[in-house]
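Heads up, the thing below is written out as structure tokens.
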Amino acid sequence: MSKPYQKANIPGPETGVSVFEPVTLATIINKSKNILLVIGAESIEESVGKKSYAEYLVDLGIKSKASIIATTSAYKFLSEKTKLDGITIMSLINITDRLRDNTWINLAGKGDRYDLIIFGGFLIYYVSQSLSTLKNYSEYRTVTLDRYYHPNARFSLPNLEKEEWEQYLESVLSNIK
């Protein structure tokens, strides 16, 4: 089991699982039918191989057929780098509040509710509070793809060095069907 990257991050009695094998995480994503991917501003500062973490997340979202939300800075960055068809702009606090609301279905307003929420590219302490809210006030399964362990996410990567993290993410993307 991993230790929280932030020592003061005390999640309570329910703690998320560190997914050490990328194939296992890809299987979790592959088995989900309605995925929401939330991309944060920190994703424009990191890179995965030769592209930004934000661009990697968009590739993952497209391959997994996820609905994609980007926060303001990430959306602006992505508007200069990629086609924004199907990417919604919304703050983390706003999407967390909507997900917490049992009457909210999804971005389209019809169909099935999301069964997996993937987060990537957020400050640790910022997304930790959203993950805690969703853990305690919703039924969603959550995943974080950042290179630090998030105990409030249902599934999280363990604490990884940058090179390990890049290899992990590339393996996840190659195993998504």
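What follows is calculated from the coordinates using simple rules that are stated; it is not laboratory data. The structure displayed is predicted, hence computed values, not measured ones. Don't worry about glycine lacking a Cβ; one is built from the backbone with ideal geometry, like all the others, and counts go over all protein chains shown.
At 7 Å along the Cα-to-beta-carbon direction for both Lys51 and Glu161, put a label point, then send me their distance in nm to one decimal.
Taking the two extended label points, one gets 2.6 nm.
Points 7 angstrom from Cα along the Cβ direction at Lys177 and Asn106: gap in nanometres?
Simple spin-label model gives 2.0 nm for this pair.
For Asp146, Asp112, Asp97, Asp85, what's the fewest-to-most ordering of other Cβ within 10 Å of each Cβ?
Asp85, Asp112, Asp97, Asp146
If a/c stays under 1.5 just call it rounded; otherwise compare a/b with b/c (prolate if a/b is bigger, oblate if not). Do that for the range 112-177, with a ≥ b ≥ c from the square roots of the Cα gyration tensor eigenvalues.
In terms of gyration-tensor shape, oblate.
Go ahead and set up a Gaussian network model of the chain, Cα springs under 10 Å, then flag whichever of Leu60, Leu123, Leu37 fluctuates most.
Leu123
Please sort by residue number the trypsin sites (Lys or Arg not before Pro) in the range 18-53 whose DSSP state is loop and whose Cβ has at most 13 other Cβ atoms within 10 Å.
Lys33, Lys50
What 222 nm value per residue comes from the helices of the chain, counting each DSSP H run with n ≥ 4 as -39,500 (n - 2.57) and dividing by all residues, nearest 500 deg cm²/dmol?
Helix contribution divided over all residues of the chain: -11500 deg cm²/dmol.
Within 10 Å, Cβ to Cβ, of Gly121, how many net charges do the neighbouring residues add up to if Lys/Arg are +1 and Asp/Glu are -1?
Residues close to Gly121 contribute a combined charge of -4.
On average over all directions, what projected area in square nanometres does the range 17-65 have, based on the convex hull of its Cα atoms?
On the way: hull surface 16.2 nm².
So the mean shadow area of the Cα hull is 4.0 nm².
Spin-label point model (7 Å from Cα, Cβ direction): what's the Ser79 to Val17 distance in nm?
In this crude spin-label approximation the distance works out to 4.0 nm.
Identify, among Ile35, Tyr148, Gly16, the residue whose Cα sits farthest towards the positive end of the charge dipole of the chain, taking +1 on the Cβ of Lys and Arg and -1 on the Cβ of Asp and Glu, with the dipole about the Cα centre.
Ile35
Can you give the Kirkwood hydrodynamic radius for the chain, in Å, rounded to one decimal and based on Cα pairs?
16.0
Can you tell me the length gained on complete extension of the stretch Ile124 to Ile93, counting 0.36 nm per residue apart and subtracting the Cα distance?
Length gained between Ile124 and Ile93: 9.7 nm.
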